[in-house]
1. How much space per residue, in cubic angstrom, does the convex hull of the C-alpha atoms of region 288-370 take up?
2. Mark the label point 7 Å from the Cα of residue 221 along Cα→Cβ and return the residues of region 399-413 whose backbone N is within less than 11 Å of it.
3. Residue farthest toward the positive end of the dipole of the chain, with Cβ of Lys/Arg at +1 and Asp/Glu at -1: which of 284, 206, 314?
4. Apply the Karplus parameterisation 6.51 cos²θ - 1.76 cosθ + 1.60, with θ equal to phi minus 60°, to every residue of region 143-154 and state each ³J(HN,Hα) to the nearest whole Hz, in sequence, with x for glycine and proline.
5. Roughly what % of DSSP beta bridges within the chain run antiparallel, to the nearest 5?
6. Taking one equal scatterer on every alpha-carbon of region 345-449, how large is log10 of I(q)/I(0) by Debye at q = 0.10, 0.22 1/Å?
7. With θ set to phi - 60°, apply the Karplus curve 6.51 cos²θ - 1.76 cosθ + 1.60 along region 394-404 and write out the HN-Hα couplings as whole Hz, x wherever there is a Gly or Pro.
8. What share of the DSSP beta bridges in region 85-241 is antiparallel, in percent to the nearest 5?
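Read-outs: derived from the displayed coordinates by stated rules, not from any lab. Keep in mind that what you see is a predicted model, and the values were worked out from it rather than measured. Cβ sites come from the backbone with ideal geometry, for glycine too, and all protein chains shown count toward neighbours.
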Amino acid sequence: MADQQFDIVVLGGGSAGYAAAIRATQLGYSAAVIEKDKLGGTCLHRGCVPTKALLHSAEVADVARTGETYGILSSVSGVDIAKVNDYREKLVAGKHKGLQGLLKANGITVIEGEGKLVSADTVQVGGDRVVGKHIVLATGSYSRSLPGLAIEGRVITSEQALELQEVPKKVVILGGGVIGVEFASVWRSFGADVTIVEGLPHLVPNEEESVSKQLERAFKKRGIGFKLGVFFQGVTQDADGVQVTLADGTVLDADYLLVAVGRGPATQGLGFEEVGIEMDRGFVLANERLATNVAGVYAIGDIVPGLQLAHRGYQQGIFVAEEIAGLNPVVVQDVNIPKVTYCDPEVASVGLTEAKAKEQYGEDNVTAYEYNLAGNAKSSILGTAGSVKAVRVNDGPVVGVHMIGARVGELVGEAQLIVNWEAYPEDIAPLVHGHPTQNETIGEAMLKLAGKPLHAI
C-alpha cells in the first residue's frame, strides 16, 4: 500500500493527541491520529470521566444519607453496583461517540492500530506507513506499580477498580495522591471500610500543607483510615482477600489492595529511542516549546515530565499545533496549571504554595491569607467546611490559590486567571462576586490581602 501523507501525524488519540489534530486542521493542515485502542484515551475510558461518574454516584448516596438535615426524609438502602456501572458506561459511550463525530467533522483521518515510530517523519502501522511533515508523540500513560508488586488477582489498579462488579467490604489503598483519595472517597460513600497507606507525611502531598491537613481531618471524620509516613512492605493474597504488611510491622486485611502510586509514560517499544529521541526513565524529553531533540518531532501530554492532567494535555495539543504553524503561543508553566482532586471534600489549587513562594521570593516578601468557608453563606447552605488560601508577593501579584471544600473545583477557573495574569489583590478586590456563591470566597481573600476585608477579620 502507498504511504499515507499528512502535514501532521499524531501518535495517540487521547486528550493531548486529538486536541493537537483538531487545532491543526483549524489552522489549515491535514492531520491523522493513530490510535491502537479508543479515541479519548485514558481520560475518557479509564480515568477522568468514569471516575468522576463514580464520584457523582457517591455524592448522591451521601446527600441521600444526610437528607433529614435539610428536611428531606431520604435514606440509602443499598448500592446497586450494576446500575452504577451501567450509568458510568453509558456516559463514557456517549462522550466517545461525540468525540468520534467531532474528529470526523474536523476532517481528521483516524487510523486504527498500534503505531511505531520508524523515522523522524514516519510511523509504521501494521503494513502501512504514515508519513508526516511533523510528528507529534502523544502515547499517554499507564498505571504504575512498585518493583516486585505484581498486579494480579486481588491486587488491582484503578483500571480494574472501575470494573469491579461488587462494592468491597474492606479495601487498602496504596498511595494517598489524587487517584488514591478519590477511590477512597467513592468506596467510603458506598459503605466500604477504607485504609490509605502513604509513605509521605500527608495525603495529597503535592498540595498546600494546610489543605492536606484539612483533608486528613475531613477523612477522619468520614471514617476513612490512613497510615502516613509508613512504607509498604509486601502483600499476600488468596481467593478471599489480601494481607498487606507495612514497614512498621502493621498488618492490614482487606478484600482488595488498590495500587495507586502514580502513572508512568507509555513509550516502551514504540521506536522512540531507536529514532534517537532523548528519553529519561521512559519520559520523552522536550524543550519548553515541546520539541524533542529530533527535528520535526514533538511530544505532548503524559509522556512529557510534569503534571499528568488531561487539561494539560489539551493545552499542550493546542500549543504544539500553533507552534508548528509559527503562531508563537504562550507557554503556561506546570505550576500555573489548575489541579482538582474530586474527593469529598474537593481540593483545587493553582500556583505556588506558601512554602514554595517563600523559597522563590524570600521569607519576608510573601503574605498569605486563608479564608474559612464557615464565613461563606453558600458553603454553609451546602454544609461544607474548608478554606480558600491565597498567596501573594508583598506589593506584588497573587502567585497561588489553594482550596478545599465541596465544589471548590468550580472556583479554580477564576483562580487560574488571577495567577496567570499576575493580578494583584488590589486588581480583584473591586470586582463584584455574586451573593450567595462560593465564588465570593476568592473575592473575600482578595479583599483581605488588599487591606480592606469585608467578612474576614
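1. Convex hull of Cα atoms, per residue: 128 Å³.
2. 405-406
3. Positive-most Cα among the choices belongs to 314.
4. For region 143-154, the Karplus curve yields 6, 6, 10, 9, x, x, 9, 7, 8, 6, x, 8 Hz.
5. Roughly 60 percent of the DSSP beta bridges within the chain come out antiparallel.
6. Result of the Debye calculation: -0.24, -1.12.
7. Here the 3J(HN,Hα) series is 4, 6, x, x, 6, 10, x, 9, 9, 9, 9 Hz.
8. In region 85-241, approximately 45 percent of DSSP beta bridges are antiparallel ones.
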